[in-house]
Amino acid sequence: MRDVTRRLFLRGGLAAACSAAAHPLLTTMTFAQGAAQLGENRLIVVILRGAMDGLDAVQPVGDPLFARLRPKLGSGAGVLPLDGLFGLHPAMAGLLPLWSAGELAFVHATSTPYRDKRSHFDGQDILEAGTGLDVPVPEVRDGWLNRMLQAVPGLSAETAYAVGREALPLLAGAAEVRRWTPEVTLTLSAQSRLLLEQVYHDDALFRDAGGAAMDLAAELGGGGMGADMQTPGRYADTEMLARFAADRLRGETRIAAFSLSGWDTHRRQGTALPQQLQGLERLILTLRAQMGSTWDRTMLLAMTEFGRTVAENGSDGTDHGTGGAMLMAGGALKGGRIYGRWPGLAEEALYERRDLMPTSDVRGWAAWAMRGLYGLDRRVLEQAVFPGLDMGDDPGFLR
Amino acid sequence: MSEADDIAAFRYGYGLPLPEGAPRGAAELLNALAGPDTGQALFPAPATPELLALHETAVKARADVRKGTATRKEFRKHLKRVEREAEAFSRRTFARALASPDGFRERLAWFWADHFTTVARLREHVVLTGDLAERAVRPHLAGRFTDMLLAADLHPAMLLYLDQSSSIGPGSAFGQRKGRGLNENLAREAIELHTLGVGAGYAQDDVRQLAELLTGLGFKPGAGLVFYPRRAEPGAEEVLGQSYDGEGMAPVRRVLEDLAHHPETARHLSRKLATHFLTDTPDPDLIERMAAAYLAHDTALLPVYEVMLSDPSAFAAPRQKARQPVEFIIGSLRALEVTPEQVMTMPAKRFADLLIAPMRLMGQEWGRPIGPDGWAEEAAVWITPQGLGARIAWAMDTPDRLGRAEGADPRGFVLRALGSLAPEMLRIAVARSESTRDGLGLVLASPEFNRR
């Protein structure tokens, strides 16, 4: 991960041209205003692993082709109207109040630059590395969110949290970040803790890491998570992650990242996807409830590696596609609308006649979010954080 | 046992107590390495053709699903067989490490497999990544690096992971007809990770020329490595000032042989070895001596290990490195006297829940390093709040779940697990712990158990 700047530097052709320019920026560039801190705004990034079907989450029910392409999944039953064209999947009904309050929006027909092979691993690698196709997939070892932190000097490790048990390449890199999963359940008696502290006392590395681990575990195991914490089966994990993150975000933490898995709905999508969407809804509602007034200064982006086929397949599901949807939420958002240019579902408008045609780059939305929240210089975003990205015009989705 | 022997058990093996017949001291360690591969003989893996065939059936089933001539259910059946075989590779890693007296070989097998990291891009690739470690790395880890490099970089798992199988000479017949071109991935990593090392004296053009030279290499399911002359870029290529020309595989082999013999490669590999086994900041003079042995012996690795093990620091305190999670878990099993047979036969869910899944929380998801540069070396990368927290949690809970806590005496356990490396402070703390569970956990969670 440390090697990434050198690796970018070594690369030839087009990539080297922009990366070589990016290289010094990573060490010298700071905020437009030169601020050494991120201010009060919060950014939460959720990676939806497995490729969320954007066309089912936010359905183009106003397009007559939709029902024809999706005779089973696109019946429109129970869909909650959002605007003239789109409706929200009923599994996310709990988010409607946010839509009305302008705290929820979607981007439709968006994707990373990844095309054609439709592999989850490669797709997620590209999504989290934030690179274009000019960079071989396994080559970049740090994530775009970490590179954003690298551009801001003087941040403490507490600034950013990778939350959850899974590796999160999005936040991997040279900038120090914290990672923790509430799944590390340390049930230590007072005596055991005392003995561990003695055993760790003379080894600074173990003393610091062990102390932090025991503090976090005690906080989570004790009153911090509250007696009101329900653990209703399926979503208990998600809720636990959300509560933990909210707790950090109310404090020093400005950036948090999660991943939610299980979006690969090749079969029986009608059963599988609602559960996923409810999990996402629970995550957002828990964050909102637990963050209190901090939510007003928060922007959440939920993004996935690619969309799914426009037509449903033979096993009541959908296969790997291209253009998809991104969810945005938070009090900092100008929501209640669908962003992005809708390409339509006509066969000639599809990507390779099978997938929703991407009309925007996921990275562009993330870049404008960071510019809006933290005042990051456009050059830093286009060259260091997302090498080679053209951010285009400000889509103006922040309040 | 002397303190030097105890340190060696951690530094060059999987900890204490040593299996019967384990070598002691540099000369015996090297002798064992020069002998037969005991770990592999104890727990043999399926032959390559068997694994290629298994992979091929899954590839075909995946294609059939796409064509609509097979159901996803059939595909999943094939994937299950692949995954069972992959799990067997994992179990063998544990069992060999526990059983073999030749612990240094097992540690070297991990080290070199990590040097040639491959990750399964598609689930069915996982049997191929296992085969790379088994057939390209293990046979050569006491032989010549040149042979390991040739075997690893031309192995199907590598060709797939680093996209070589889709790199086409833009001037080749195939490339012209299909409008396809180069993928530099393997060429770059062959130079940057596998041989010279990042920062060595090479330019982007060397990478590009090597990529052109490597065109023609392909992978065919069921068959393995295939050379497709019609995909090979015509003409000679120049890599690091040397011109390579000729038909078929010959120039590919020549360039890899030359890269293996490069002085920068000697330094890079020596630095990696010393960093992995001794310290995150190895002595530059030692690196030079190891590199000189490598070059003087036609890239043979035993002489390199010999120089490393002859260094005054090789068997001495302090132990500055952190054991990786996989070593921590295997080392714990050994200290708890879990037998290799138990690991081989425990139910799949138990194996996954108790031994494999916890490594993810510790920062080392089994088989899934983030990039081709493999796992990190620095102690501070592993001993983080979450990483250490997960080790403590595992240490406190798992001995009991493995049935090893009942009747155990933590005061004896601390000596068995650490020998002369158990500090007085730890022995006192263990004696003061409230329960057997906490006492065993304290030992496994201690810095002395987690450093090497």
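Structure notes:
- Listing B:W382, B:W110, B:W366 from fewest to most neighbouring C-beta atoms within 10 Å gives B:W366, B:W110, B:W382.
- Region B:36-160 - percent relative contact order, Cα under 8 Å, separation 6 or more: 28
- Footprinting exposure proxy ranking of B:Y14, B:Y294, B:Y228, A:Y114, fewest other C-beta atoms within 10 angstrom first, gives B:Y228, A:Y114, B:Y294, B:Y14.
- Inter-chain Cβ neighbour average for residues B:430-440, partner chain, 10 Å: 3
- Loop GluC sites (Glu not before Pro), region B:226-276 (other Cβ atoms within 10 Å of the site Cβ: 11 or fewer; DSSP): B:E247
- Considering only the protein assembly as shown, percent of DSSP beta bridges that pair antiparallel, nearest 5: 50
- For region B:325-450: rounded, prolate or oblate by the Cα gyration tensor [a/c cutoff 1.5]: oblate
- Kirkwood Rh, angstrom, region B:263-310 [1 / mean 1/r, Cα pairs]: 10.1
- Separation of the A:S293 and A:K334 label points, Cα + 7 Å toward Cβ, nm: 2.5
- Structure-based [θ]222 nm, chain A - -39500 (n - 2.57) summed over DSSP H runs of at least 4, per residue, nearest 500: -10500 deg cm²/dmol
- Exposure proxy shown here: for A:W368, A:W263, the number of other Cβ atoms within 10 Å sets the order, fewest to most, as A:W368, A:W263.
- Computed from Cα atoms, the angle from the helix A:362-374 axis to the main principal axis of chain A rounds to 50 degrees.
- Lysines with Cα under 16 Å of B:K80, excluding same-chain neighbours fewer than 8 positions away: B:K60, B:K349
- Interchain or long-range residues, amide H under 5 Å from A:T298's placed H: A:R42, A:G331, A:A332
- 5 angstrom amide H check on A:V45, placed H, neighbours 5+ away: A:A256, A:A257, A:F258, A:L301
- Shown here for region B:385-436: GluC sites (Glu not before Pro) in loop regions (DSSP other than H, G, I, E, B) with at most 10 other Cβ atoms within 10 Å, namely B:E406.
- Summing charges over all other residues whose Cβ lies under 15 Å from the Cβ of B:Q40, with Lys and Arg as +1 and Asp and Glu as -1, gives +2.
- Taking region B:325-450 and dividing mean pair separation by its residue count, relative contact order in percent (alpha carbons under 8 Å, at least six apart): 25
- Under the criterion of Cα pairs below 8 Å and six or more residues apart, the relative contact order for chain B equals 18 percent.
- Cβ-defined net charge surrounding A:E252, 12 Å radius [Lys, Arg +1; Asp, Glu -1]: +2
- Sorting the Cα pairs of chain B by distance into bins of 20 Å, from 0 upward, gives 24, 53, 21, 2 percent per bin.
- Derived value for the protein assembly as shown: Kirkwood hydrodynamic radius 28.5 Å. Basis is the mean of 1/r over every pair of different alpha-carbon atoms.
- With a cut-off of 9 Å between beta carbons, the residues surrounding A:R371 carry a summed charge of -1, where Lys and Arg count +1 and Asp and Glu -1.
- Backbone geometry of region B:49-56 corresponds, through the Karplus equation with coefficients 6.51, -1.76 and 1.60 at θ = phi - 60°, to 3J(HN,Hα) couplings of x, 4, 6, 4, 5, 4, 4, 4 Hz, x marking Gly and Pro.
- Sequence-ordered 3J(HN,Hα) estimates for region B:385-391 from the Karplus curve with 6.51, -1.76 and 1.60 and θ = phi - 60° stand at x, 5, x, 6, x, 5, 5 Hz, glycine and proline given as x.
- Taking 7 Å steps out from each Cα toward its Cβ at B:S435 and B:S313 produces label points 4.3 nm apart.
- Angle between chain A longest axis and helix A:236-250 axis [Cα atoms, degrees, rounded to 10]: 60
- Remark: mean inter-chain Cβ contacts per residue of B:180-189 equal 2, using a 10 Å Cβ-Cβ cutoff to other protein chain atoms.
- Nonlocal amide H pairs with A:D203, under 5 Å, H built at 1.01 Å: none
- A:A93 paired with B:E56, simple spin-label distance in nm, labels 7 Å along Cα-to-beta-carbon: 5.4
- Helix-only arithmetic for chain B: the sum of -39500 (n - 2.57) across DSSP H runs with n ≥ 4, divided by the residue total, places the mean residue ellipticity at 222 nm at -16500 deg cm²/dmol.
- Helix B:103-115 axis, angle to chain B major axis (alpha carbon atoms, nearest 10°): 40
- Segment A:L80..A:K117, full-extension length gain: 10.0 nm, with 0.36 nm per residue of separation and the alpha-carbon distance subtracted.
- Averaged over B:362-374, number of beta-carbon atoms from partner chains that fall within 10 Å: 4
- HN-Hα J in Hz across region A:200-208 - Karplus 6.51, -1.76, 1.60, θ = phi - 60°, x for Gly and Pro: 8, 4, 8, 10, 4, 4, 6, 4, 5
Since every read-out is calculated from the coordinates, none of them should be taken as a lab result. Remember, predicted model here, so these are calculated numbers, not experimental data. Positions of Cβ are backbone-derived with ideal geometry, glycine not excepted, and every protein chain shown enters the neighbour counts.
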